[in-house]
Amino acid sequence: MARGRFISVEGGEGAGKSTNIEGVRARLHAAGLRVVVTREPGGTPLAEEIRQLLLAPRDEGVCEDTELLLVFAARMQHVERVIKPALARGDWVISDRFTDATIAYQGAGRRMGVERIQALRRLLLGDFAPDLTLLLDVPVDSGMQRLAGRGAPDRFEMEGREFFERVRAAYLQLAAAEPARFRVIDAAQELPAVQAAVAQAVEGFLAQGTTP
Ligand code: TMP
């Protein structure tokens, strides 16, 4: 049986990932593919517990390396228990965020250094990576406006504008460095236009063939 393909969806806060992930899922489903939709941090009961630990605002300052290792702890559980088994049985996997988020948020946002994160990624994941990454790119101000009114901010949403500017710039840099894997979607457009761009990216990927 052909291995499934792995699609990640990335973007800053308020980029509209959830709505567009549903669009991608529906499109793949219509193409007759079995699809698993999952997310990071999270995707397994243990990894979802780690997500709670990561997102909860707390008085205790969280050390950068603690945050980084929690992110990767959740990821390894997710990769080994959910993503790899799904791909092996021929399912397609859509993950709301993957390792590019760590490079953007911890590497650039927290200024831990992109190379440091890449080294950890290579150590733990080798060459395991998404086959396609949709980057929903939106100017920081618009993203933050969309977030307003969504309830109490989590520990990341409490960060300032400069943090999110670094995150956005890092994502765009990653996309420029790996144009074969990334499709950058202008997510500042009206929703129908964003959805059309996402659909086009997915159709293009499907047209490349479904065998690795
Ligand atoms: P969400 O906004 O997609 O629900 O993701 C939760 C938060 O986790 C988001 O603010 C980004 C952050 N995050 C990281 O900082 N590093 C990571 O590797 C991942 C996957 C998420």
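Every read-out reported here was derived from the displayed coordinates using simple, explicitly stated rules and does not represent laboratory data. Here the structure is a predicted model, which means the values were calculated and not measured. Cβ coordinates were reconstructed from backbone atoms using ideal geometry, including for glycine residues, and neighbour counts include every protein chain displayed.
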Please give the contour-minus-distance gain from residue 152 to residue 34: 0.36 nm per residue of separation, less the Cα-Cα distance, rounded to one decimal in nm. 39.0 nm
Packing rank of 11-17, 167-173, where each peptide gets the mean count of other beta carbons within 10 Å, highest leading: 11-17, 167-173
By the C-alpha gyration tensor axes a ≥ b ≥ c (rounded if a/c is under 1.5, else prolate when a/b exceeds b/c, else oblate), the shape of the chain is oblate
Length added when fully stretched, residue 64-residue 142, from 0.36 nm per residue minus Cα-Cα: 25.4 nm
Test of understanding: extend the Cα→C-beta vector of residue 84 to 7 Å, then name every residue of region 24-52 with backbone N under 16 Å from that spot. 44
Using Cα centres only, tell me the gap between region 1-80 and region 116-146 in whole Å. 11 Å
Indicate the helices, whole DSSP H runs only, in the chain that combine a mean Kyte-Doolittle hydropathy of -1.0 or more with a Cα extent along their long axis of 20 angstrom or more. 64-78, 161-177, 191-207
Using alpha-carbon pairs under 8 Å, 6+ residues apart, how would you state the relative contact order of the chain in percent? 34 percent
Here, residue 118 and residue 48, labelled 7 Å along Cα→Cβ, have an inter-label distance in nm of 3.5 nm
Nonlocal amide H pairs with residue 37, under 5 Å, H built at 1.01 Å: 94
Helical contribution to [θ] at 222 nm, DSSP H n ≥ 4, -39,500 (n - 2.57), averaged over the chain, rounded to 500: -15000 deg cm²/dmol
